[in-house]
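Only the coordinates and a few stated rules stand behind these numbers; no lab work does. Everything numeric here is computed off the predicted structure, so don't read it as measured data. Here the Cβ positions follow ideal geometry from the backbone for every residue, glycine too, while neighbour counts run over all protein chains shown.
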Amino acid sequence: MYQAKKTYTVEEALVKLQKYCAYQDRCHREVEQKLKQMHMIPEAIERVIVDLVQDNYLNEERFAKAYVRGKFSIKKWGKVRLTLELKQRQIPQYVIKTALAEIDPEEYLQTFHKLAKKKALKMPESNPFKKKKKLADYLIYRGWESHMVYDKVNALIN
């Protein structure tokens, strides 16, 4: 049996997206995808996004700062990974720089050292070369700068 797609007026879509954005900070791309899933036409999508920005439901800079704070403090991601993830969400470069500036440099280094030390101690690998590679791969995957990673790996594993 064929089921008709639910259609929304611009006003209904706006109300729905206001709730969507109020629940959690969103980027423009997420909102656009949501509107496309709702089968909205491009002109309606543009109008809803403009209204959301004007009413401060949608703010790329606020989203980027919240994203960076959350992923850094909870997932312990480095600046490389954070930058990459924000670029994938089509956040402008100057907004990414502003968001990354929120991270305290002292806290950034402390987090890196703690993470590297903790991971090195938990690794059961006995071969020092394999252990170095595994630790370096782990830290680089997490988005830490490669020069920091290799210096730390060499300092921790002899």
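Computed packing ranks the peptides 104-117, 127-140 as 127-140, 104-117, most packed first, by mean other Cβ atoms within 10 Å. Treating r as the C-beta distance of Glu30 and Lys114 and R0 as 41 Å, the FRET efficiency rounds to 0.85. For the range 51-90 and the range 98-158, compute the distance between their C-alpha centroids and round to whole Å. The range 51-90 and the range 98-158 have Cα centres separated by 23 Å.
Each 10 Å bin from 0 upward holds the following percent of the Cα-Cα pairs of the range 13-88: 18, 46, 26, 9. Principal axis extents of the Cα atoms in the range 60-100, from largest to smallest and rounded to whole angstrom, are 23, 17, 14. For the range 1-69, trypsin sites (Lys or Arg not before Pro) are listed when DSSP marks them as loop and at most 16 other Cβ atoms sit within 10 Å of their Cβ; the list is Lys5, Lys6.
Counting only residues at least eight positions apart within a chain, or on another chain, the lysines with an alpha carbon under 16 Å from that of Lys36 are Lys5, Lys6, Lys16. Divided by 2.2 N^0.38 Å, where N counts the residues, the Cα radius of gyration of the range 105-156 comes to 1.05.
Quick check on the range 28-158: what does the Kirkwood estimate of hydrodynamic radius come out to from the alpha carbon pairs, in Å? Taking the inverse mean of 1/r over all distinct Cα pairs, the range 28-158 comes out at 16.9 Å.
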